[in-house]
Amino acid sequence: MKIVKLPKKNLSNFVDSLKSFGEIHAPSKRGENSFAFTPVNGLSDIELEYTRAILPQKKYFIEPVETLFNFDAEKGYEDQVKQKKRCVLFGVHPCDIHALNILDGLSYLLLLCCF
């Protein structure tokens, strides 16, 4: 792994350049002591000094409820899987990134068990 440091003066330009990869989602203040990952427009909307978010970042990867298909006796099978838009998660804590890596490894294990 290579570690690269970004000077604070270039942070705003870096966040703006991330927009070319997709919609930027970052921690923003939701209450007095509450933070949530929401779409942001720029560095001024981002709160990097947060303790933890209301919901974990896995909500971007695993939906709580998702309709995969509908079936009607007359119409038959109708696909309901929606194409997700691309987004960039910015400002995620290292412990949350580690948890997502574990979740990713578990998904491979579950796929192997199903087949």
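Condition first: in contact with a Phe, Trp or Tyr (Cβ under 7 Å, 6 or more places away or on another chain) and more than 19 Å from H25 (Cβ to Cβ). Now tell me which residues in segment 36-82 satisfy that.
Correct list: F69, F71, Y77, E78, D79, Q80.
List every residue pair whose Cβ atoms sit under 6 Å apart, with the two residues 6 or more apart in sequence or on different chains, where the first one lies in segment 47-59 and is in a loop (DSSP other than H, G, I, E, B) and the second, anywhere, is of a type in the set (S, T, Y) and surrounded by 12 or more Cβ atoms within 10 Å (Cβ to Cβ).
E47/S28; I54/S34
Checking K84 against (1) of a type outside the set (S, T, N, Q); (2) under 21 Å from L100 (Cα atoms); (3) in a helix (DSSP H, G or I), which test does it fail?
The failed condition is (3).
Given the criterion over 21 Å from C95 (Cα atoms), part of a loop (DSSP other than H, G, I, E, B) and polar (S, T, N, Q), identify the matching residue among N13, N70, N41. Lay out the reasoning, then the answer.
On the way: N13 fails: part of a loop (DSSP other than H, G, I, E, B); N70 fails: part of a loop (DSSP other than H, G, I, E, B).
Testing whether each residue is over 21 Å from C95 (Cα atoms), part of a loop (DSSP other than H, G, I, E, B) and polar (S, T, N, Q) leaves just N41.
Can you tell which of E23, E32, E63 is under 16 Å from V92 (Cα atoms), of a type in the set (D, E) and out of contact with any His (no Cβ under 7 Å at 6 or more places or on another chain)? Let's see the steps before the verdict.
Details: E32 fails: under 16 Å from V92 (Cα atoms); E63 fails: under 16 Å from V92 (Cα atoms).
Criteria check complete, one pass: E23.
Since every read-out is calculated from the coordinates, none of them should be taken as a lab result. Everything quoted here is computed from the prediction, not taken from an experiment. Note that each Cβ is placed from the backbone with ideal geometry, even for glycine, and that neighbours are counted across all protein chains shown.
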